[in-house]
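Worksheet: the structure to be examined is printed underneath.
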Amino acid sequence: MLSRALFLIISLLLISPSSALAYGSNTLDRSTITITKSLNFDAKKANINPKIVKTLIRVFSWGIDFNKDLQKGDRFVIIGNQKATPSALIYIGAKKHLAVFSYTDKRGRTGYYDINGKSLYPSFLRAPLKYERISSKFQRKRFHPILKTWRPHRAVDYAAKRGTPVYSVASGVIQHRKRMGALGNTVYIKHGSNYVTVYAHLSKFARGLKPSSKVKKGQVIGYVGSTGRSTGPHLHYELRYKGIRRNPLTHPLPKQKKVDPADFWRFKNKANSILRSL
């Protein structure tokens, strides 16, 4: 995230009708999406490549709730190479400003990083609590101890003492916080555009949380209990990727990436050059 003062300057400069900016001896194209209704609607109106829109959502969903945060007048600025990988993506909102810059590593993988060389997405915690043991693993067939039938168990059960704090495994937004039948007291948290985590059988919820509340990695969201269909205190934990339940113990979790230290100053100089050119 950049300073508010710098973005106020950028906001004023972007009023200019110019559609390009100088960068070194080259010229970088620039396009702006101004929100009037929705990102998709206004991007289409601005004739922005749909692939770029997907990239905007994928990158900025870690810092923006596209359903709650966007307001009329907010702007997305796309700088350079409109048909492939833009050189920079900037979000100028009423309350938040974000800017990321492209970087290609030695393996040829291109990603977007902030001015400090870090990806917007964080590393995930491997487990959401300090547990005593895993009482039930992710499995296609499990004999249900209460229903006495064989059923799939697409979650991990962590046995722990009643009242043990349960943490959000990554920063995100609360989708649900309520009692949900057999799951008992349950919290759903959305992380970015692809991940959702589920925490069930909680004895109680952490204070102050409600749907649309933002939570940080490691923040307490509830406490171990045995509400719903449960034989004893434990946490029922689910990891969902693109709507599909994945095994939390084996699924490769997001890990925050950083620009290679050997390339950092070259990357930062490029980013600063782009910002100075606006």
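Read-outs throughout are calculated quantities, based only on the coordinates presented, and are distinct from any laboratory measurement. The structure presented is a predicted model; accordingly, all values stated were derived computationally and were not measured. Glycine also receives a Cβ, built like all others from the backbone with ideal geometry; neighbour counts cover every protein chain displayed.
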>> If I stretch the segment between Glu132 and Gln256 completely, what's the gain in nm (0.36 nm per residue apart, minus their alpha carbon distance), one decimal?
In response: 41.8 nm
> lysines near Lys178 by alpha-carbon distance under 19 Å, same-chain residues fewer than 8 away left out - which ones?
Replying inline: Lys190, Lys204, Lys210, Lys214
> Any idea what the relative contact order of segment 133-246 is, in percent, if you count C-alpha pairs under 8 Å spaced at least 6 apart?
Replying inline: 30 percent
> For segment 237-278, what does the equivalent ellipsoid look like in terms of its semi-axes, each the square root of 5 times an eigenvalue of the Cα gyration tensor, given largest first in whole Å?
Replying inline: 38, 14, 5
> What FRET efficiency do you get for Asn247 and Thr36 if R0 is 30 Å and r is their Cβ-Cβ distance, rounded to the nearest 0.05?
Replying inline: 0.10
>> Compute and list, largest first, the equivalent-ellipsoid semi-axes of segment 133-246 from the alpha carbon gyration tensor, each √(5λ) rounded to a whole angstrom.
In response: 22, 17, 12
